[in-house]
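Accompanying notes for the structure given below.
The values are calculated or read from the model by the stated rules, or taken from the named source; none is laboratory data. Every value quoted in this text rests on a predicted model; they were computed, and no experiment measured them. As a convention, Cβ positions derive from the backbone with ideal geometry for all residues, glycine included, and neighbour counts pool all protein chains shown.
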Amino acid sequence: MDRTPALPLLLALLLALAAAPAARATEVKSILRLQGAADLRHDEAFEDHWDARSQLDVSAEGRLGGPWRWRLEGRIQGDSFGDGGFFGRGDTRNDVDLDLRDTYLRYENDRFAVTVGDQIVKWGKMDELILTDNVNPQDLDQFVIPWLDDRKLAQPMVRVEGFLGGTTVELLLLPRPFIHRIPFFDSDWALFRHNREAGAAAAAADTEVARRFRELGVAVDAPGWGDTEVGARLRTTVAEVDLAVDALVYHQRFPVFRGDAASLAALFDPEATAAALADPATGTLARAALLAADPQVRAEYPWVVTVGGDLETTLGDYGVRAEVARTFGAQYQGQAEDGTVTVYTADQTLLGVGADLTYDAFYGNLQLVQQWVEESGSLLFVGKQAATLVATLQYDLLAGTLTPALYAAWDLGDDASYLRPRVEYKVNDHLTVEAGLELFTGDKHTALGSFTANDQAYLLATIGF
């Protein structure tokens, strides 16, 4: 499954450039990551009992001479999940993905730069928590958002930067954004696939209703040129404080779903629909409504506008940062007073603050994000107020070859946490081995539903060439 939209003409051009004598690569890198993990305990159905992952990143970059520069970067990733899988079929699944990452052609001089191709652009100053950085959507296929640079999906875009002394003006154009290709655990809406199967099993005695559950689906329109997104960012430094303001007119990165009420109810809450079908008082009407409804619901990515700003500076030994964003016209799945699934439109405000400290061999990073959704109705998946606290601690031992570390995230609203204690050992300049745990507590509510996740022990080897 190729998750990232390829730009065949651009890729062919870059390959030709890379092969040209004048465009000889000045730097070629490859990194192979091999990871295996096993459950510590089984606490919920439809979870992985073990998984294995292999990931190969290959990159090359060079110059054509003068102001022209090129870069090629790709990733091949293979996964195997055993005996479960979140919202899965309950068996072993294998998956192979091919991604284009930063793959572009760049022209740069002292006054401006133009970059064309698949790019990962980071806006904002927060290291672990992304607020206004909606240019590149999050890759959620690992269920937990992966680390920093690995969490972003490359997007085809044109990026123009103007250099005005200590100020940089940046403009983005994302033609026909592939917004619907974000892999929400699976290419065929795995959450709803699981719900279809659950509904069909609950209504197995009525073959016509069970068949209708299996016919339920989600349709997504392919983006056109009219869906082109634009953004602008201004960065400068005043009195040793890095400042930036930005705005992005784009499609909301997570969709809302519209359709007939009976089909939406069956997809979002199949058990409740099955109960209504079995109730003598409501069964006849509920059955007629479900069979008469269009089984296809539509996933929509509404237009929104985000305006934000950030700053970063140092106070003594500490690095400090703050970021604020206001999103206008955001849409959320909700539940109306009569119990039907609906869509609410509400503005959202995000505020984040963070600080880090590097002292000899110690590094610490603490960040807090608060979110407010200005909607009085009942929202599904998303709380009207949410606060997340993230901490990273690590200490280098044995001249930096042995590093114990802890990554911890707390959802203060749901009283849930994710802990990743680990120990990293640098064998040599080419091989690093890491062992650790992934531990979850509490019921966590996300845009993909509620879950109590499994705890895992893992071993990771990173090999650089």
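What to note about this one:
- Taken across the stretch 282-296, residues that are farther than 29 Å from GLU374 by Cα and of a type in the set (Lys, Arg) do occur, with at least one present.
- Test: residue in the stretch 67-77 that is at negative phi and at pLDDT below 85: yes
- When the test is whether a residue is at pLDDT 95 or above and either under 27 Å from GLU240 (Cα atoms) or not in a loop (DSSP other than H, G, I, E, B) (or both), GLU323 does not pass it.
- Residue that is nearest to GLN371 (Cα to Cα), among those in the stretch 426-445 that are surrounded by fewer than 17 Cβ atoms within 10 Å (Cβ to Cβ) and among the β-branched types (Val, Ile, Thr): THR441
- Close contacts from the stretch 203-218, counting a first residue that is under 17 Å from LEU285 (Cα atoms) and a second that is assigned to a helix (DSSP H, G or I) and among the charged types (D, E, K, R), with Cβ to Cβ under 9 Å and a gap of 6+ residues or different chains, come to ALA203/ARG212; ASP206/ARG287; GLU208/ARG287; VAL209/ARG287; PHE213/ARG196; PHE213/GLU197.
- Lone unmet requirement of (1) at pLDDT 90 or above; (2) farther than 17 Å from SER59 by Cβ; (3) touching a helix residue (DSSP H, G or I) at 6+ places or on another chain (Cβ under 9 Å); (4) of a type in the set (A, V, I, L, M, F, W, C) for ALA113: (3)
- Residue in the stretch 363-377 that is polar (S, T, N, Q), under 25 Å from TYR458 (Cα atoms) and more than 19 Å from the chain's Cα centre (by Cα) present: yes
- Subset of the stretch 394-405 [buried (at least 16 other Cβ atoms within 10 Å of the Cβ) and assigned to a strand (DSSP E or B)]: GLN394, THR403, ALA405
- Among the residues making up the stretch 247-262, those that are in a strand (DSSP E or B), of a type in the set (A, V, I, L, M) and touching a residue at least 60 places away in the same chain (Cβ under 8 Å) are ALA247, LEU248, VAL256.
Okay, residues lined up against (1) closer than 20 Å to ASP411 by Cα; (2) among the acidic types (Asp, Glu); (3) part of a strand (DSSP E or B):
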residue	(1), (2), (3)
GLU312	no, yes, yes
TYR332	yes, no, yes
GLU337	no, yes, no
THR345	no, no, yes
THR349	yes, no, yes
GLY354	yes, no, yes
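- Those residues of the stretch 258-279 which are surrounded by fewer than 19 Cβ atoms within 10 Å (Cβ to Cβ) and modelled with pLDDT under 90, in sequence order: GLU271, ALA272, ALA275, ALA278, ASP279
- Single match in VAL320, VAL304, VAL341 (criterion: more than 30 Å from PRO404 (Cβ to Cβ), buried (at least 16 other Cβ atoms within 10 Å of the Cβ), among the β-branched types (Val, Ile, Thr) and out of contact with any helix residue (DSSP H, G or I) (no Cβ under 7 Å at 6 or more places or on another chain)): VAL304
- Scope the stretch 189-229; condition touching a Phe, Trp or Tyr at 6+ places or on another chain (Cβ under 8 Å) and at pLDDT 90 or above; matching residues: GLU229
- Number of the condition not met by SER59 [criteria: (1) at pLDDT 85 or above; (2) in contact with an Asp or Glu (Cβ under 8 Å, 6 or more places away or on another chain); (3) part of a loop (DSSP other than H, G, I, E, B)]: (3)
- Pick from the stretch 222-246, criterion touching a residue at least 12 places away in the same chain (Cβ under 8 Å), of a type outside the set (Val, Ile, Thr) and surrounded by fewer than 16 Cβ atoms within 10 Å (Cβ to Cβ), ranking: nearest to ALA276 (Cα to Cα): ALA222
- Looking only at the stretch 280-310, and only at residues there that are without any contact (Cβ under 8 Å) to a residue 60 or more places away in the chain and in a helix (DSSP H, G or I), the one that is farthest from the chain's Cα centre (by Cα): THR284
- Taking the criterion of being of a type in the set (Val, Ile, Thr) and in contact with an Asp or Glu (Cβ under 9 Å, 6 or more places away or on another chain), the residues of the stretch 321-352 that qualify are VAL324, THR327, VAL341, VAL343, THR345, THR349.
- When restricted to residues that are closer than 22 Å to VAL343 by Cβ and touching a helix residue (DSSP H, G or I) at 6+ places or on another chain (Cβ under 6 Å), the stretch 256-275 contains 6.
- Looking at VAL382, VAL423, VAL390, VAL369, just one residue is loosely packed, with under 15 Cβ neighbours inside 10 Å and either part of a strand (DSSP E or B) or at pLDDT below 90 (or both), and that residue is VAL423.
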